[in-house]
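Rule-based calculations on the coordinates, nothing more; no lab input. In this text the structure is predicted, and so the values were computed from the model without any measurement. So basically every Cβ, Gly included, is an ideal-geometry build from the backbone, and we count neighbours across all protein chains shown.
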Amino acid sequence: MTEYWMTSQELKDLTGWPDRTIQRKAEAGQLKFRAADERKPNGRHPREYSSLSLPTDLQVESNSRRVASSLTVHSDEKPTGAELVIFPTQPNCPRSTQIVLFPKQEAQVAERKAIVAPLFEYAQLNRGPARNLWCKQNGREVKNLEDLAKQIGMEQNSSRTTILRWYGFVKAGFPEKLADQVRADKGLSRWFNRHRTAAIFAAYLYLNERQSVTFVCEQIERDAERLGIEIGDLPSRETVRIFLSREISPAMRTLAREGQQEYRERMSPYLRRGYVDVFSNQIWVGDHMIHDVEVANDLFDDAPIGAPVRLRLSAMLDFHSRKLVGATWAWEGSSRAIAATMRRAILQYGPPEGVYFDNGKDYLKVAKGARRGCEGYLAESPLAPDHWWQSELEGIERTGFLARLGISATHCIARHPQSKHVERWFRTLHTRFDSVHSTYTSGSPFTRPDRTESAMMQHRRLFKKGRAAESEHPAASRFILGCLSWIEEYNATPHRGQGMDGRSPNEVFEQDFNPNQKPTPEAATLALLMAEYEKRQVRECAVTLRKRRYMPRPEDRLAWAAMDEANEREILIAYDPADLDFAAALDLDGRFLAWLEAEVLLRFAPGDPETQARIGDSMQTRRGLEKAHKQTLKEIAATARADGARSAEEMLYGRLQLPAVTGAVITQRKPGMRPDKEAVAPMSAADIAANLLRDLGWEKAV
């Protein structure tokens, strides 16, 4: 680990040692120290203590504290090898205290308490006849407590010191210390702890260069001399693999190797909105989706009949009840599809007070001129009952569909799919409806079924020959009718979501309907217009327990760092079933990670300052975690390059012997001679004869 120097006060805060203990350890050589540059008021230089002279668990805890404080510190200085914390988020929890004893450890505690029980019986007796009588009754010949401990140690194949230490733990009231403690360096590579330059180099190649474990092993072997590694001390491939998999958190690995989008969708924390603080048909959520099924066109005039297409669904989902209120299909989406979807839904259920959707161009067009969600909800439509068409024609260029109906619009955070819960409905549709079709494409050519590949090729051959009707592709009309029937079935199926209480979307929609529902416009106007312990996996810096989602407090940056490190890993959740507002996160060895609290769902109130403040705090936390990872990646790269590391491309060409010339390996033919631009007819026999006579001088004679 990186060495840094601590003052006496910092050391006391970290270890809890009194001044006398620190002084004794320093004089015994157990603590490395030096004189600080500044002076005390008495003119003496105070001592500074090296972090590397501390036990491993204290080193880790100290490092974690430094990392947590670095989340809000932004520095533009270039890192140096002595200052760099290679993996700042590993681990983020103190390793000094194990909170949970597992059944195996509890059995070990009971066994060792039974072993030291004779010591307590002997110690409670007065010296003399009482102890002699006890020895005779128990078949022992000892003079004092230490002799008894030595005798018990021989019986248990242990030492006198160990037995006395166990006795001291029980006597002091800490029987849990009788269990074997988890190794302080569990999960850490001892080889890479000795070779920190190699650790930086391996992380640089694996994260920044996105190279494989095998490539990293080969480059460590090639650069062994530069890295200060002896030939007989090279790590095995398994050592490197375990180091890269255990000491690099999934969060950092995802950001470096899979990209920012994957990191944000799988690792970043996010806020959820509450569903029960609005009525049914008050807020709609809209979006587009492309079906993972290829069908044959038999509906759309702007595409050839029989052409293979993947239909695009435009959907409107009621926010409170999760009922799909409107759906339309097209082979290419547009603002017209949104208008058609809303028109069908409004005609059947009446207009909502507001809609919530993404930032696509088609949705921006629909929302053009509409009031923002923060401006309130209900407003009268700008159209008058009479001459609606004239107002429509005059306002068409400056207003959108929503503005003309007096519906407010709220746009979600860009590139933030958790913002719209309609995305979850789309996933259900993909897995329960799309996947049963014979032409299911899976959404990716890499996972597309073989039968779909065959059906797609056959359909295209038949389509070219004008025989698309012979194809096994489902017709678009049949597919749409099937999806409409599936939607009706979904709306009538009991739901277990928040606020649903086992009711179906249809039941919730009817029972919780908006009492201030705005009347439906005329059809003509509308036509244009957390004590128990359970294992849980951390997802997006949060865990779900008993239908509640738990995450750190917004201001607890150390907890956010710990939960970000634990992303996509299993942890223990300690909670009181009688008080589920709070919980504690522990690693699988029972060590404390972070305090969690039950998530307070965000109200759907875009204009509420408290709501906006919570969104801002959440985004600040997201950016802080992501920025910490990015900064570490930059520091790894800068330090590795400063130590002489080269990129994968530079290492490849650095060891290759390039030939002097390339002519021998080029097979491209030279361009042929080009003919004259003007074509000339060949000479005739008469022309040849005349030229011959002229050359011989016979022309005059003739």
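Annotations
- Taking amide H as placed 1.01 Å from N in the peptide plane, Arg591 has its amide H under 5 Å from the amide H of Ile99, each at least 5 places away in sequence or on another chain.
- Amide H contacts of Asn567 (H built 1.01 Å from N, in plane; Pro and chain starts excluded): Ala251 sit under 5 Å, all sequence-distant by 5 or more or on other chains.
- Greater than 30 Å apart at Cα, pairs in Lys177/Lys547; Lys104/Lys150; Lys323/Lys464; Lys12/Lys535; Lys113/Lys547; Lys177/Lys535: Lys177/Lys547; Lys323/Lys464; Lys12/Lys535; Lys113/Lys547
- Computed packing ranks the peptides 284-290, 218-224, 37-43 as 284-290, 218-224, 37-43, most packed first, by mean other Cβ atoms within 10 Å.
- Per the Debye formula on identical point scatterers at the alpha carbon atoms of region 214-272, with no solvent, log10 I(q)/I(0) at q = 0.13, 0.21, 0.24, 0.26 Å⁻¹ is -0.49, -0.84, -0.95, -1.02.
- Derived scalar couplings between HN and Hα for region 463-480 equal 5, 5, 8, x, 10, 5, 5, 7, 6, 8, 4, x, 6, 4, 5, 5, 4, 5 Hz in order, rounded to whole Hz, by the Karplus curve 6.51 cos²θ - 1.76 cosθ + 1.60 (θ = phi - 60°), x for Gly and Pro.
- At q = 0.17, 0.24 Å⁻¹ the log10 of I(q)/I(0) for region 5-54 amounts to -0.47, -0.91, computed by Debye summation with a single uniform scatterer per C-alpha, solvent ignored.
- Amide H to amide H distances under 5 Å link Gly326 with Met316, where only residues 5 or more positions off or on other chains count and H is placed in the peptide plane.
- Cβ crowding within 10 Å averaged over residues, with 103-109, 628-634 ranked highest first: 628-634, 103-109
- When the P(r) of region 103-178 is calculated, the portion above 17 Å amounts to 44% of the C-alpha pairs.
- Across region 176-291, counting alpha-carbon atoms alone, Rg and Dmax equal 22.4, 72 Å.
- Alpha carbon Rg of region 530-624, scaled by the compact-globule rule 2.2 N^0.38 Å: 1.10
- Packing, taken as the mean count of other beta carbons within 10 Å per residue, orders the peptides 120-133, 680-693 from highest to lowest as 120-133, 680-693.
- Rg ratio (alpha-carbon, reference 2.2 N^0.38 Å) - region 237-349: 1.63
- Bins of 10 Å from zero: percent of alpha-carbon pairs in region 560-616: 20, 36, 29, 13, 1
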